[in-house]
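Step one of this worksheet: look at the structure below.
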Amino acid sequence: MGSTDTDRAFFGQPRGLVGLFFAEAWERFSYYGMRALLLYYMTDRMLDGGLGIDSADARSLIAVYGSATYMAAILGGWISDRLLGDRRATLLGGVLIMCGHICLAIPAGAGALFASMIFIASGTGLLKPTISSSVGDLYARDDPRRDSGFSIYYMGISVGAVAAPLVVGTVGQTYDYHLGFGIAAVGMALGLIVYVRTQRHLSPLSDRPKNPLRLREVPRGRLAGVLTGIAALVAIIVVTVATGTLDAGGIVNVISVVAIAVPAAYFTVMLRSRRTTTVERARVRGYIPMFVAAVAFWCIQEQGATVIAQYADESTDLNALGFPIPASWFQSVGSLVLIILTPVFAVLWLRLDRSARPPSPAHKFAVGLAIAGLSYLLLVLPALGGGQSNPLWLVASLAVVTIGEMCLSPIGLSATARLAPAAFATQTMGLWLSSNAAGQGIGAQLVKFYDAGSAAAYFGLLGAGAVVIALLLLAVTPLIRKQTERKAPSGDRGAGTLSGVER
Ligand code: PHE
């Protein structure tokens with residue numbers, strides 16, 4: 001098995017990274033392929049093979065679906081840490097995801113769509129945090145290659161994401177929706193094959209739960225309480241859905257609230273816990289404003305699959321290049337830009353980090369969020385013009401938001417790992433994913449206000465809002481720095497030495 005400093009088989013990186021790179025690339029291919037097609041499948045007329053769902057409802061549903069998917073990562077992280085271990089959780093997750101795509105490959109209407117959503121949300125919740133943490137486990141605690149390892153891994157995500165809309169989206173939109181979803185299922189199957197064939201190169205750490213749950217240690221009362229809680233929740237859901245009290249709109253609202261409540265509760269528990277040291281508590285407090293900025297960022301970036309997909313379809317001149325551009329192709333622009341710019345950013349960060357005044361992660365977050373705001377402000381002009389705008393506006397906006405993503409997303413992974421309290425290190429990957437969940441949960445409410453007629457106001461308000469939050473973050477960066485850079489007094493229990501990615 002891998003996990004040694006001497007393993008440099010893959011561009012100086014451990015061999016295990018190759019398998020994780022390609023397995024995650026295929027998993028993302030299936031996820032983003034499905035997502036590129038979903039809005040069109042849901043809103044298309046039944047006669048044309050769609051489900052005929054109202055487009056505002058569909059946008060909200062897609063947003064809360066994405067939100068639930070990443071929220072499930074906290075639970076997935078817990079299951080891996082305490083019960084299954086990363087390797088088994090990743091495998092199980094992959095199988096569930098594949099089942100989810102197969103549900104959509106069969107033309108079986110709305111029921112199959114909801115079954116698919118449940119499979120994919122739970123599968124992704126298991127796979128995404130565990131595969132990321134397996135990347136971290138490839139490196140010894142102080143291995144300087146870990147950051148670049150994560151950048152390479154993030155590029156794998158983009159390789160899958162760029163190919164997906166072009167293949168799944170094009171086949172689905174031009175031939176048949178279910179054929180498109182079928183290709184997503186094949187993609188996930190290929191990811192599983194890659195994973196199974198390369199898993200022997202993973203760290204032994206990925207093979208067992210990090211903090212195994214021993215039933216004997218769990219107080220009887222607590223176990224009963226948790227089981228009762230779960231049973232009550234399931235009963236409430238079944239009864240409200242069956243009686244029609246909770247319709248699609250209601251579910252959207254519930255998930256939006258839960259998506260904000262879950263990370264808020266998680267932070268409260270971390271801050272209150274006796275297992276969090278004083279220094280760690282300060283670090284968590286410093287991390288919170290950055291988390292809020294990440295929520296705002298994902299709220300805008302993830303609208304690429306909802307509002308921007310609709311703008312591409314309705315308000316863009318898709319014949320401007322002399323041939324009909326499938327609207328789903330716009331979903332690939334961001335990932336393509338990310339792949340092209342990754343080497344540029346690698347050099348940029350190296351230079352900046354070595355400069356006299358290296359930017360803190362909070363600075364990079366603020367810049368990333370402000371840039372996301374600009375990507376929306378850029379769309380005000382063409383939207384004001386009304387009618388069908390030139391597709392280059394959309395391409396430019398998507399390129400800009402991706403530059404913001406490069407300032408925020410990979411930096412977020414390492415900042416989360418570094419600032420995690422030791423006692424909570426195991427679930428930090430899930431917490432980071434939940435920033436995206438909260439962003440999409442808020443997005444699910446905002447996208448309801450979008451329509452082609454008022455697009456300029458929508459883009460203007462949201463863009464300006466993002467810039468304002470970025471400026472606020474910038475204003476508090478000195479405070480954040482003070483909190484996050486506090487040194488542990490001697491005798492303080494190993495705070496900050498255990499990172500979330502290595503557990
Ligand atoms: N492009 C990222 C990915 O698919 C989006 C993301 C970021 C999702 C952070 C969750 C959390 O991995």
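Observations on the model:
- Its Cα gyration tensor gives the stretch 1-130 an equivalent ellipsoid. The semi-axes, each the square root of 5 times an eigenvalue, are 33, 16, 12 Å from largest down.
- 15 Å cut-off, amide nitrogen to a point 7 angstrom out along residue 481 Cα→Cβ, residues in the stretch 348-381: 353-367
- Computed over protein heavy atoms with a 1.4 Å probe, the accessible surface of the chain works out to 43 Å² per residue.
- P(r) tail, the stretch 161-213: Cα-Cα pairs separated by more than 14 Å, 65% of all pairs.
- Taking amide hydrogens as placed 1.01 Å from N in the peptide plane, the amide H of residue 10 sits under 5 Å from those of 15, each at least 5 positions away in sequence or on another chain.
- Sorted peptide list for 178-191, 99-112, criterion being average Cβ within 10 angstrom, highest first: 178-191, 99-112
- Gap separating the Cα centres of the stretch 222-280 and the stretch 284-299, nearest whole Å: 20
- Over the chain: Rg over Rh, Cα atoms, Kirkwood Rh: 0.95
- Ellipticity at 222 nm from helices only: DSSP H runs of n ≥ 4 in the chain, each -39500 (n - 2.57), divided by the residue count, give -24500 deg cm²/dmol.
- Distance between the stretch 303-363 and the stretch 430-455 - C-alpha centres, whole angstrom: 18
- The aspartates and glutamates whose alpha-carbon is closer than 14 Å to the alpha-carbon of residue 482, local same-chain residues fewer than 8 away aside, are 280.
- Probe 1.4 Å - accessible area at residue 471, Å² to nearest ten: 110
- Each of 57, 86 has its accessible area taken with a 1.4 Å probe; listed largest first, they run 57, 86.
- Global geometry of the stretch 142-281, whether rounded, prolate or oblate, following the gyration tensor of its Cα atoms and the 1.5 cut on a/c: oblate
- Residue 349 exposes around 50 Å² of accessible area when a 1.4 Å probe is run over every protein chain in place.
- Gyration tensor (alpha-carbon) shape descriptor, the stretch 74-138, a/c threshold 1.5: prolate
- Per-atom-type breakdown for the chain gives carbon and sulfur 68% of the accessible area (1.4 Å probe, protein chains only).
- Amide N proximity, the stretch 276-298 versus residue 454 label position 7 Å along Cα-to-Cβ, cut-off under 19 Å: none
- For the chain, averaging the sequence separation of C-alpha pairs within contact (under 8 Å, six or more residues apart) and dividing by the residue count gives a relative contact order of 24 percent.
- Three-way shape label, the stretch 204-311, alpha-carbon gyration tensor, a/c 1.5: oblate
- Stokes-Einstein diffusion for the stretch 252-301 at 25 °C, viscosity 0.890 mPa s, with a Kirkwood radius from C-alpha pairs, works out to 203 µm²/s.
- Label-point separation, residue 245 to residue 265 (7 Å along Cα→Cβ), nm: 1.9
- Fraction of the pair-distance distribution of the stretch 292-339 above 12 Å, Cα-Cα pairs, percent: 67
The values are calculated or read from the model by the stated rules, or taken from the named source; none is laboratory data. Being a predicted model, the structure only gives us computed values, none of them experimental. Cβ atoms come from the backbone with ideal geometry, glycine included; neighbour counts cover every protein chain shown. The area values use the complete protein model at the heavy-atom level, side chains included, leaving out ligands, DNA and RNA. Shrake-Rupley method; radii C 1.70, N 1.55, O 1.52, S 1.80 Å.
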